[in-house]
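**Student:** Would you mind keeping the following structure in view while I ask a few things?
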């Protein structure tokens, strides 16, 4: 039995939300999708939050939510793709659980997100080259934050979750 939280981090389209839902079933734990919680609390989609208040405001909401989560136990948390951009967010995650980085190639990410309209960071830049550039900018932050790294390319959700569980030694 896990005693802390499991934080799934990684670039958009790496499978965080899908893995979180499957882990919830497999481990019988609570599950939270950070972006969904922020959308619910703000009463508007992320793209509108970005447009109306800016990215810094959205990042403040992420930080506030991670602070709240420090009081929780045994939760699977699917973090937004940019949650690791602030060092304090990484600290909040590590204080209350393990951080699992899900990774995929830019081509895989593009294939998964190309038809999405609610990816404000990619607005007007929905192509492999831009995704690769942004992934590279964030790579070091993701890797520094991670306790465990799982590659999701070409794997089923079950395979990814089995790897996560084995890595966490649950």
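Every number here is computed from the coordinates shown, using simple stated rules; none is lab data. As the structure is a prediction and not an experimental result, all values here were calculated from the model. Note that each Cβ is placed from the backbone with ideal geometry, even for glycine, and that neighbours are counted across all protein chains shown.
**Student:** Beta carbons within 10 angstrom, averaged per residue: use that to sort the peptides 137-144, 14-21, highest first.
**Tutor:** In descending order of packing, they fall as 14-21, 137-144.
**Student:** May I pose another question? Between segment 68-89 and segment 140-170, what's the alpha-carbon centroid distance in Å?
**Tutor:** If you average the Cα positions of each part, the centres end up 16 Å apart.
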